[in-house]
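Everything on this sheet refers to the single structure shown next.
Nothing in this text is a laboratory measurement; each read-out follows from the coordinates by a stated rule. Source: prediction; values computed, not measured. Cβ coordinates were reconstructed from backbone atoms using ideal geometry, including for glycine residues, and neighbour counts include every protein chain displayed.
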Amino acid sequence: ALLTACGGGTVGGSSSGDSAAKTNNKKLSLIPGVQAEPFYISMQCGAEAEAKKAGYEITTQAPQKFDAAMQTQLVNALGSNPPAALLIAPTDAQAMLAPIQQVKTRGAKVIEVDTALKDTSVAESSISSDNAEGGKLAAKTMSELAAGKTGSVLVLDTIAGTSTTNTRAKGFEDELKNYPNLKSAGVQFTQNEPDQAASKVTAALASTPDLIGIFATNLNTGEGAATGLRNAGKIGAVNLIGFDASPSEIEGLKKGEYQGLIAQDPAAIGQQGVQQAIAALEGKPVTRNLTASLHSITRANMDANAQYFYKQ
Ligand code: T6T
């Protein structure tokens with residue numbers, strides 16, 4: 001298991017809830033979307049710090065890939081006597097419903113962090129960025145960068161069924177309609193694999209000669225898009241707006257591979273997720289929906305925004 005940047009806890013590894021029968025009331029479980037990824041590591045750090053402060057124990061288990069079948073195994077492994085609360089980033093808005101519902105039936109409070117199920121009746125509280133607004137913000141930035149120039153703009157999404165990135169893509173496409181000089185070249189899915197994002201960019205450069213911009217809806221699509229542009233010698237010729245602020249994206253922004261990033265605040269999502277879980281467990285008022293902040297980062301303002309860079 002890997003030690004996290006924040007010191008406590010591990011990524012991956014295993015736990016068993018069976019011997020803890022009577023003491024589960026101070027136990028929380030966090031199941032992020034995927035392991036060893038800066039966004040979720042930063043979220044885990046925020047969650048761990050908050051749990052420690054409140055005298056709760058939190059165990060993190062993350063799937064190897066952003067995949068509903070793999071995540072379902074981890075949810076099922078919580079067993080018949082689950083922790084008091086489950087904080088989870090559902091990897092699929094529909095496929096994760098049944099397993100999460102089962103944990104709830106077995107007595108755990110469910111808190112959604114980052115992504116969410118389509119069925120809003122399961123979670124006590126959902127904490128996420130305003131993803132539609134993030135997409136909009138990216139389109140506005142794209143329009144400013146184009147400065148009136150005409151051309152096509154491609155969106156790289158992750159997987160159909162990922163609530164966050166699907167909403168970012170839609171927010172972007174909706175806002176793009178306000179800029180008649182910018183034409184949509186469509187939304188491509190990449191299975192959250194940087195390699196697939198890179199090949200979609202290579203293909204788009206060949207099929208769409210007037211391509212002037214790419215919006216990558218998360219860090220994996222962004223890293224892949226940067227590779228695709230680099231391979232084609234198109235860095236800077238095509239504007240790349242990314243989402244998130246991983247160390248590799250920040251490096252890319254410095255080098256001019258990205259013209260802008262929309263950073264989330266994953267540590268705050270983790271922290272608030274733990275706060276809401278504890279409120280639910282202790283019978284205190286719970287807020288059904290909480291929105292974490294977004295920050296538009298460019299090369300010009302990056303030094304002032306260093307607190308939003310993700311951990312790795
Ligand atoms: O963008 C984040 C997260 O918000 C999204 O749900 C999945 O991808 C990331 O984890 C970044 O890779």
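A few comments on the model shown:
- Cross-linked pairs 65/311; 53/136; 104/140; 118/254; 109/200: Cα-Cα separations exceed 30 Å for 53/136; 104/140; 118/254; 109/200.
- Here the contact order of the chain, divided by its residue count and restricted to Cα pairs under 8 Å and six or more residues apart, works out to 19 percent.
- In the chain, helices alone account for a calculated mean residue ellipticity at 222 nm of -12000 deg cm²/dmol, with every DSSP H run of four or more residues adding -39,500 (n - 2.57).
- For the peptides 44-50, 179-185, 168-174, 91-97, residues were scored by their other Cβ atoms within 10 Å and the scores averaged per peptide; the highest-first order is 44-50, 168-174, 91-97, 179-185.
- Take the Cα of residue 307, go 7 Å toward its beta carbon, and the backbone nitrogen atoms of the stretch 248-288 under 19 Å from that spot belong to 262-273.
- Overall form of the chain: prolate. Here a/c, set by the Cα gyration tensor axes a ≥ b ≥ c, is 1.5 or more, and a/b is the larger of a/b and b/c.
- Computed lengthening from residue 70 to residue 251, 0.36 nm per intervening residue step minus Cα-Cα distance: 62.1 nm
- Principal-axis tilt of helix 131-146 within the chain, Cα atoms, nearest 10 degrees: 20 degrees
- DSSP assigns beta bridges within the chain; of those with both partners inside it, close to 10 percent run antiparallel.
- Label-to-label distance, residue 289 versus residue 206, with points set 7 angstrom from Cα along the beta-carbon direction: 4.2 nm.
- The Cα atoms of the stretch 118-229 give a gyration tensor whose axes a ≥ b ≥ c have a/c of 1.5 or more with a/b no greater than b/c, which makes the shape oblate.
- Rounded if a/c under 1.5, otherwise prolate or oblate - the stretch 88-143, Cα gyration tensor axes: prolate
- Residue 125 long-range amide H proximity, modeled H, under 5 Å: 112
- For the stretch 130-182, relative contact order (Cα pairs under 8 Å, six or more residues apart, normalised by length) works out to 58 percent.
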